Structure formats: structure tokens, C-alpha cells
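See below for the structure under consideration.
The values are calculated or read from the model by the stated rules, or taken from the named source; none is laboratory data. Since the structure is predicted, the reported quantities are computational estimates derived from the model, not experimental observations. Note: ideal-geometry Cβ built from the backbone for every residue, glycine included; neighbour counts use all protein chains shown. Ligands, DNA and RNA are excluded from the accessible area calculation, which covers all protein heavy atoms including side chains. Shrake-Rupley method; radii C 1.70, N 1.55, O 1.52, S 1.80 Å.
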Amino acid sequence: MAENTAATRHRDEGGWLGRFTDRLLVVCPRCGGRASVTVSPDRPPLAYPGQLLVADRRLSCAGCGAVAEWGPERVGAARIGVSLGGTEDPFFHRPLWLQTRCVGEVLWAYNEAHIAELTAYIGARLRERGALRPTTSMFARLPA
Ligand SMILES: [Zn+2]
């Protein structure tokens, strides 16, 4: 069944969710506005998508100018990848900018592309079940 396949893939946080971590929207630690967490511009281009979980990161806020750097834990020469999931970004542990309550749970997303995927997923669930009615208030925080 296509629906089950989509749901399984949705819960597979290892490879699937990771592709949205190229850019994460978080609450700025200084001003409380919207900051971005991206792969550090100082490092060479990624060789494969899995490097998104170990690559050096930069948090930057266009609103107040805050900047912070992050690097992974290391064991010898190996970089330890972050664990994905939850309502904080996995690097700086800032609250995600895009989160809202939805049918008793917190619905969260890393960025606009992630929202688009969630929207498609929720739409499929709505067509399937007809009862789930998620709030659309999350979209209010998206830039125009
Ligand atoms: Zn700020």
C-alpha cells in the first residue's frame, strides 16, 4: 500500500529527515527572532548527504547579527553525527522556529521544504482517514 510506504518513510529519521538539515530555522538565542543554522560556509562542499549530520555549522540571525559556530563531537579522527528528532535543532539545541500544536502533539519542521513534505503527508492522511484536522497556524510563521 502506498500510504503505508509513505508513513514508514516519514518515520525513518536516519536518512529521510536528514536531507532537510541543510538549513534549519531556529529561535535566535539573542533576540528571539528567526535565525538560520546552515553548514559552515568555511568548509569544503559536502561529498555525500550523510555529512550533513557531522559537518561544522553556523547559526546566524539576520535580525540582530548573532553568529555562533558548532562542531561535532569527535572520537579520534571520526566525527560523531547528531541525532535527529524533537523540537530543538540537533546542533545548537535551539527551539525550532516552525512548530505548532496539532491534534494533541507538537508538529515541527526544519524549514520550508520540510513543511511542503509534511503538507503532502498530512494531505494524504486526511484523504485516507477524513478525521484528522491539523491546524494551519504553522504557516503563519513562514516568510511571505
Ligand atoms: Zn537574533
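The number of residues in segment 47-68 being farther than 17 Å from Leu96 by Cα and more than 11 Å from the ligand (Cβ to nearest atom) comes to 9. Within segment 28-43, the set of residues being more than 9 Å from the ligand (Cβ to nearest atom) and assigned to a strand (DSSP E or B) comprises Ser36, Val37, Thr38, Val39.
Listed conditions (1) more than 16 Å from the ligand (Cβ to nearest atom); (2) crowded, with 16+ Cβ neighbours inside 10 Å are all met by Ala77, apart from (2). Is segment 107-114 home to any residue that is surrounded by 13 or more Cβ atoms within 10 Å (Cβ to Cβ), over 10 Å from the mean Cα position of the chain (by Cα) and either of a type outside the set (D, E, K, R) or over 17 Å from Cys61 (Cα atoms) (or both)? Checked against the condition, which is being surrounded by 13 or more Cβ atoms within 10 Å (Cβ to Cβ), over 10 Å from the mean Cα position of the chain (by Cα) and either of a type outside the set (D, E, K, R) or over 17 Å from Cys61 (Cα atoms) (or both), segment 107-114 yields at least one hit. Which condition number in (1) open to solvent by 60 Å² or more (accessible area, probe 1.4 Å); (2) at pLDDT below 90; (3) assigned to a loop (DSSP other than H, G, I, E, B) is the one that Ser83 fails? Only one criterion in (1) open to solvent by 60 Å² or more (accessible area, probe 1.4 Å); (2) at pLDDT below 90; (3) assigned to a loop (DSSP other than H, G, I, E, B) is unmet by Ser83, namely (2).
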